[in-house]
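**Student:** Just dropping this structure here.
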Amino acid sequence: MLDFMLRKYHHGAGVVESQTDILGNYCRLETPEAVERTERHIGKFVREHQLISAAACTSFAAAENVREALSGVNARPLDKSKLIREHGEVRISELTPLMVACLMGNMQTARILVEHARQLYLPDNPDDFRLFVDVRIAKNLGGNNALLYACTAGQAEEANYLLVKYLIDEAGADPNIANDSLQNALLLSAKRNQLNVVDLLFTKAVDINAQDKNGCNALHIASSNGFLEMADTILLHRAKVAREVEVFDIDSEDSLTLTALMKASINDHLDVSVSLSSLCPRLLSFSCASERILARRTSAVRAP
């Protein structure tokens, strides 16, 4: 067990010494499987930082560890000494406590951290609060921010929905920020087949036309993975906003010149293929027939 340094925190008029073993509490509260999963996701860093360790806890009682860690005079929801500049953008070189809480799907911890930061930064330093919420991690670590980690958290869909909703509605997180693979919250949620989250994002002005570094939009991703309801949800929203904004073509191609229909066919997702075919204006044309031939010839190849 690693030793944690003594922390000082203000108590009344004086300063009181406290030795709180956050990691020890963390390990006792969590199952061995949860500890292993946490360290697999976050790495050894979770063992070297009290607030990070507390934020990584998923047990209900762990929220008290977060409050305790935040009471330290050196506890920072955003450590500015870790800020870096990459290609003109301010980023952070290590996971923030909020990122860790979102990565682990800890709604209660995320709420505590956001409210603490709100009291700390607002109303005098709104830019610092915005940075606390939206800052992206360094490029070599993927470029995700707290909201993007929330969309990939290994929790039940309902838990992810509540966390994503809180970050957008209460913390003001921007749903259109993308990571370094150009994946925004919509693309990440579509990839995980989180229908409730995608429905929510569509009410928050998320960009339906977003494409990742492979030129895949949300429909490409849903079709490639065989997510019929997700594909239908995306197409329904596309139809709703088509009169107001320019939307992607159903037949749009990714960087490999594959359409959503081709991706579904190549990956043997017959129900998605049938659904897309009913909407595909090219179905009756020779070009759409050739797509089917190509799909059969490349059936051994799985689309990304």
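**Student:** In the stretch 133-162, which residues are among the polar types (S, T, N, Q) and more than 8 Å from the chain's Cα centre (by Cα)?
**Tutor:** Once the filter is applied, which keeps residues that are among the polar types (S, T, N, Q) and more than 8 Å from the chain's Cα centre (by Cα), the stretch 133-162 yields Asn140, Gln155, Asn160.
For every residue, the table says whether it meets (1) surrounded by 16 or more Cβ atoms within 10 Å (Cβ to Cβ); (2) at pLDDT 90 or above; (3) under 10 Å from Ser224 (Cα atoms).
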residue	(1), (2), (3)
Leu256	no, yes, no
Pro281	no, no, no
Phe286	no, no, no
Arg302	no, no, yes
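**Student:** I'd like to check which helices (runs of 4 or more DSSP H) are fully inside the stretch 198-284 and have at least 3 residues that are more than 16 Å from Leu188 (Cβ to Cβ) and not assigned by TED's automatic domain parsing to the domain that holds Leu162.
**Tutor:** 228-241, 260-266, 270-279
**Student:** Quickly run through the stretch 254-268 and pick out the residues that are out of contact with any His (no Cβ under 9 Å at 6 or more places or on another chain) and touching a residue at least 12 places away in the same chain (Cβ under 8 Å). Don't jump to the end; show me each part of the working.
**Tutor:** As a first pass, look at the stretch 254-268 and keep what is out of contact with any His (no Cβ under 9 Å at 6 or more places or on another chain): 255-257, 261-262, 264-268.
Of everything in the stretch 254-268, those that are out of contact with any His (no Cβ under 9 Å at 6 or more places or on another chain) and touching a residue at least 12 places away in the same chain (Cβ under 8 Å) turn out to be Ser255, Leu256, Leu261, Met262, Ala264, Ser265, Ile266, Asn267, Asp268.
**Student:** Output the residue which, of all residues in the stretch 139-161 that are small (Gly, Ala, Ser) and surrounded by fewer than 17 Cβ atoms within 10 Å (Cβ to Cβ), is nearest to Ala171 (Cα to Cα).
**Tutor:** Ala159
The values are calculated or read from the model by the stated rules, or taken from the named source; none is laboratory data. Model, not experiment: these values are computed from the prediction. A quick note on method: Cβ atoms are made from the backbone with ideal geometry, for glycine too, and the neighbour counts reach across all protein chains shown.
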